[in-house]
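Undergrad: Encoded as structure tokens, here's the structure I'll be asking about.
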Amino acid sequence: MEKYTRLLTIAGSDSGGGAGIQADLKTFSACGCYGMSAITALTAQNTLGVTDIYPVATPFLEAQLRAVLDDIGVDAIKIGMLHSTEVIECVAAILKEYKCMKVVLDPVMVATSGHKLIEDDAIAALKEVLFPAVQLITPNIPEAQLISGKSINGAESLESVARELAERHDLAVLLKAGHLTDEYLEDVLVDGDVESRYRQKRLETKNTHGTGCTLSSAIASFWGRGFELAEAVNRAEGYLHGAITKGAEYSLGQGHGPVHHFHQVWK
């Protein structure tokens with residue numbers, strides 16, 4: 001019998017379908033994996049932004065996680081929106097108990113619309129409690145600045161901040177350059193002594209909703225399928241670039257539309 005590559009997303013639900021678990025599950029499928037989910041919160045959300053958040057009770061989040069891990073198991077995990085210290089502590093405890101590896105954390109803190117998605121005290125818990133239980137974090141520049149306390153003023157700052165975070169927290173760091181305004185953007189991966197760079201031409205489009213969720217989910221997918229981390233990131237970066245390119249050709253909603261998760265399957 002064939003076996004699926006099993007991917008689990010632990011994140012919030014996006015009712016508009018462009019980000020959160022909806023984007024994660026689409027990405028898992030597009031990248032050749034079987035997707036599962038443990039929902040941390042429900043959001044009322046569309047292309048214009050987040051209007052409300054309804055947290056899932058922590059005992060029920062734990063029940064979701066145990067249901068998946070006890071029966072099906074996982075080959076890799078992607079973590080997104082964790083809005084409170086209680087939720088962070090719950091997820092970290094489960095990851096340690098089940099000895100989960102190949103865990104990618106996208107430290108979601110603020111939505112593109114500016115809506116805050118995490119409580120203030122949860123940021124400290126993220127660093128102190130959850131970072132030791134994951135192997136890779138994928139912050140964008142505002143998130144990296146918040147986590148590190150350092151300013152990032154341009155491309156030359158990315159490497160130093162990424163390396164400092166990697167060494168301080170003993171994990172791999174992919175620091176994303178998407179908030180810079182250069183014609184070409186270069187994400188930086190620091191994994192121990194290995195440093196990799198991923199260069200892409202900036203694409204002018206408003207359809208960028210869910211890019212962070214999509215990239216981290218694609219990395220988890222290729223990593224779970226057995227590729228080394230640097231190559232998993234390389235393949236994920238290529239997949240996302242294609243999704244943004246094709247997504248730019250579509251119109252959806254009145255604000256920031258999604259990327260095209262299935263651009264390799266249908267147009």
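The values are calculated or read from the model by the stated rules, or taken from the named source; none is laboratory data. Quantities reported herein were computed from a predicted structural model and do not represent experimental measurements. Note that we place each Cβ from the backbone using ideal geometry, even for glycine, and neighbour counts take in every protein chain shown.
Undergrad: Only one of (1) under 19 Å from Ala144 (Cα atoms); (2) out of contact with any Leu (no Cβ under 7 Å at 6 or more places or on another chain); (3) surrounded by 13 or more Cβ atoms within 10 Å (Cβ to Cβ) fails for Val161. Which number is that?
TA: (2)
Undergrad: If we scan the stretch 178-185, do we find a residue that is over 22 Å from Ile118 (Cα atoms) and among the small types (Gly, Ala, Ser)?
TA: no
Undergrad: Here's a follow-up. Please determine whether any residue of the stretch 138-148 is touching a residue at least 60 places away in the same chain (Cβ under 8 Å), of a type outside the set (Phe, Trp, Tyr) and either over 23 Å from Asp75 (Cβ atoms) or crowded, with 21+ Cβ neighbours inside 10 Å (or both). First the steps, then the outcome.
TA: Our first condition is that a residue be touching a residue at least 60 places away in the same chain (Cβ under 8 Å); within the stretch 138-148, this holds for 138, 140.
Among the residues that remain, those that are also of a type outside the set (Phe, Trp, Tyr) are: 138, 140.
With the extra rule that they be either over 23 Å from Asp75 (Cβ atoms) or crowded, with 21+ Cβ neighbours inside 10 Å (or both), the set shrinks to 138, 140.
Scanning the stretch 138-148 turns up at least one residue that is touching a residue at least 60 places away in the same chain (Cβ under 8 Å), of a type outside the set (Phe, Trp, Tyr) and either over 23 Å from Asp75 (Cβ atoms) or crowded, with 21+ Cβ neighbours inside 10 Å (or both).
Undergrad: Out of the residues in the stretch 178-209 that are in contact with a Lys or Arg (Cβ under 9 Å, 6 or more places away or on another chain) and part of a loop (DSSP other than H, G, I, E, B), which is modelled with the lowest pLDDT?
TA: Once the filter is applied, the top-ranked residue is Thr181.
Undergrad: Another one. Could you check the stretch 8-126 for helices (runs of 4 or more DSSP H) lying wholly inside it with 3 or more residues that are under 23 Å from His256 (Cα atoms) and either under 13 Å from the mean Cα position of the chain (by Cα) or modelled with pLDDT under 95 (or both)? If you could, list the steps in order and put the result at the bottom.
TA: Values: elements: 20-30, 58-71, 85-97, 120-125.
Hits in the stretch 8-126: 20-30.
Undergrad: Let me ask another. Out of everything in the stretch 4-28 that is touching a residue at least 40 places away in the same chain (Cβ under 8 Å) and among the hydroxyl-bearing types (Ser, Thr, Tyr), what residue ends up being surrounded by the most Cβ atoms within 10 Å (Cβ to Cβ)?
TA: If we take residues in the stretch 4-28 being touching a residue at least 40 places away in the same chain (Cβ under 8 Å) and among the hydroxyl-bearing types (Ser, Thr, Tyr), then Thr27 is surrounded by the most Cβ atoms within 10 Å (Cβ to Cβ).
Undergrad: Six or more apart or on different chains, Cβ under 6 Å: which pairs go from a residue in the stretch 154-171 that's more than 12 Å from Glu195 (Cβ to Cβ) to one that's in a helix (DSSP H, G or I) and at pLDDT below 95? Could you list them?
TA: Val161/Ala144; Val161/Ser148; Leu165/Ser148
Undergrad: Among Gly210, Gly192, which is the only one that is touching a Gly at 6+ places or on another chain (Cβ under 6 Å) and either surrounded by fewer than 17 Cβ atoms within 10 Å (Cβ to Cβ) or closer than 28 Å to His260 by Cα (or both)?
TA: Gly210
Undergrad: Taking Ile88 and the conditions (1) touching a strand residue (DSSP E or B) at 6+ places or on another chain (Cβ under 7 Å); (2) buried (at least 20 other Cβ atoms within 10 Å of the Cβ); (3) β-branched (Val, Ile, Thr), which numbered condition does it fall short on, given that it satisfies the others?
TA: It is condition (1) that Ile88 fails.
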